[in-house]
Structure formats: C-alpha cells, structure tokens
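Read-outs throughout are calculated quantities, based only on the coordinates presented, and are distinct from any laboratory measurement. None of the values given here were measured: they were computed from a predicted structure. Backbone-built Cβ (ideal geometry, glycine too); neighbour counts: all protein chains shown.
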Amino acid sequence: MNLKYRKTIIAGNWKMNKTLTETKAFAEAIKPNLGRHKWCEVVLCVPGVNIAGAVKAFKDTRVSIGGETCHYEASGAYTGEVTAEMLKDVGAKYVIIGHSERRQYYNETDFTVNKKVKAALEAGLKPIVCVGESLEQRELGVTEELISYQVKTALSGLNENQVRRVVIAYEPIWAIGTGKTATAGQAGEVCTHIRSIIRKQFGARVARAVTIQYGGSMNAKNARELLAQPDIDGGLIGGASLKPDDFVAIINAANQ
Ligand code: PGA
C-alpha cells in the first residue's frame, strides 16, 4: 500500500451468491463493525439484480456497491445484458471487468475488456479490470508478457485522466477459489510489473496514482502480509467476502 499516492480499495466479489434477503442480513451484520475503515475504501460487487437493493441496504455506510460485469454497447438487442449506465443509474460506483470466470465461461477477450472499460468510464463508473495468468502460463515463464499484453490492451485508447480512475486487479487464475494464495512476494512482483507498464505508457504520475489490487484466496489470515507489499493497494475478494467477520477482518488488515 502507499497511502500517500493512491487509495487502498478492499472489494468483495460476490459472484453468483446471496439473495437480496441475504444481502440485507449481511449489511446488518457488518454495519456495527465498519467504523474503523478510515483509510481504505470498501466496495461490494454484487449480482446485477441486487444492486439497487444493496445500495439501499448500505446507504448510511461507507460501503460502495459495484456490478460484476456490463455490456460495452450503450443500448440494443443484447438479450439478458445490462449497460454500464444502467448500473450507474441504480447506484453502482464500480464494475468488475474481465474477471477470469467471464473470460472462461462467457468468451470475454482482451478486446471486449477494452471496450467495456471505455463504456464503464463513459458512464461514470470505476472499472476494476482483472488480469492474471493460468498455472500453465506461469510454469511456461510467460506471466510478465501475458500481463503486459492484458494491461496494455485493457487500457488502450484511454487518456491519463481515465487511467487514474481504473483499478487493476491482479488475479492469478490458479489462486482463485483454490485456497492456494500467491505468496506476498509473487503477488507483489507482478503488481510492481503492472505499475511499470502503466508508467511506460502513461507516465510516473499516473502510474503512482493507480490502485492495483491482488485477488485469489485472499483471507483474514494472509491479507496483512499481501497488503504490506508496496504495490498491492487492496484486494478483490471472493469467498472470504461472503462472511461478514472475514470481510471485516480484511478491511481491518488494510487499516493497520
Ligand atoms: P477468491 O476469488 O477470493 O474466492 O479466490 C477471488 C475472485 O475471483 O475475485
């Protein structure tokens, strides 16, 4: 973390979990314990159908609500999809773009990620752009090249002010939902690499302002060590964000 230059953001990714009733119960459970998150921003990305309800449930707290994906077009014949503006209109502030599960199951590519990032920014949302390598790619030794490609493509065509509003989440695919966390050293190294790519493309001032998260089995136990890395500015948390006590513990780890 580097509190001088950029925000620390702890974001939950609920994926396809929790009904609105469960969302309200979660809000009531964490509200009394949220008082101390002074330095970090807290976000919960929830299923699209529950965004409006979640915004209401977390109304008097500092928790912002986000979507988990959006379409890149502004409107049209795309049955089942939602636009970035629709998310914004019901109160979302963030949207996850290009999560590895979207890439794997819904054919998202680096090109659609780029289009979605632009659509999100256009609508006034902050995109949380996910990048990360598979175990095979790590073992082949191509992690840095792959991450460079993903980050460059995702940010292609943006100006400096837009890049400042983007959050990058480094999520090694082999660490997602597996209980197998990257070591703080491994995660920190890739996050430093991501910042260097942004520096080369958009300059040092922009690079030091961008929040870069780590995601992949982050939990109450390992959060502090991961967040101690200078280029890890928060987390994108799946499993552990579903449990109020674990999520609060991670928020507290970011405020040490
Ligand atoms: P996990 O998920 O924390 O359950 O590994 C992270 C994510 O998919 O964003």
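Numbers for the structure displayed
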item: Residue list for the range 12-37, filter: touching an Asp or Glu at 6+ places or on another chain (Cβ under 9 Å) and more than 15 Å from PRO47 (Cβ to Cβ); result: ALA29, ILE30, LYS31, ASN33
item: Condition check for ALA240: within 24 Å of TRP39 (Cα to Cα) and either of a type in the set (A, V, I, L, M, F, W, C) or over 16 Å from the mean Cα position of the chain (by Cα) (or both); result: yes
item: Criterion violated by VAL131 - all others in (1) within 20 Å of CYS191 (Cβ to Cβ); (2) surrounded by fewer than 18 Cβ atoms within 10 Å (Cβ to Cβ) satisfied; result: (2)
item: Where a residue in the range 142-165 is free of Cβ contacts under 8 Å to residues at least 24 places away in the same chain and its partner, wherever it lies, is surrounded by fewer than 14 Cβ atoms within 10 Å (Cβ to Cβ), with Cβ under 7 Å and at least six apart; result: none
item: Some residue of the range 167-183 being under 15 Å from VAL42 (Cα atoms) and in contact with an Asp or Glu (Cβ under 9 Å, 6 or more places away or on another chain); result: yes
item: Any hit, the range 186-203, residues being within 14 Å of the ligand (Cβ to nearest atom) and out of contact with any Cys (no Cβ under 6 Å at 6 or more places or on another chain); result: yes
item: Pair list, Cβ under 6 Å, 6 or more apart: the range 184-205 residue in contact (Cβ under 8 Å) with a residue 40 or more places away in the chain, other residue of a type in the set (Ser, Thr, Tyr) and surrounded by fewer than 22 Cβ atoms within 10 Å (Cβ to Cβ); result: ILE197/SER148
item: The one condition in (1) surrounded by fewer than 17 Cβ atoms within 10 Å (Cβ to Cβ); (2) within 26 Å of GLY53 (Cα to Cα); (3) of a type in the set (Ser, Thr, Tyr); (4) in contact (Cβ under 8 Å) with a residue 12 or more places away in the chain that THR83 fails to fulfil; result: (1)
item: So THR183, is it within 16 Å of the ligand (Cβ to nearest atom), of a type in the set (Val, Ile, Thr) and under 20 Å from VAL117 (Cα atoms); result: no
item: Selection count, the range 17-59, where residues are of a type in the set (A, V, I, L, M, F, W, C), buried (at least 19 other Cβ atoms within 10 Å of the Cβ) and farther than 14 Å from SER241 by Cα; result: 5
item: Elements of type helices (runs of 4 or more DSSP H) contained in the range 33-121, each with 2 or more residues being within 16 Å of the ligand (Cβ to nearest atom); result: 100-105
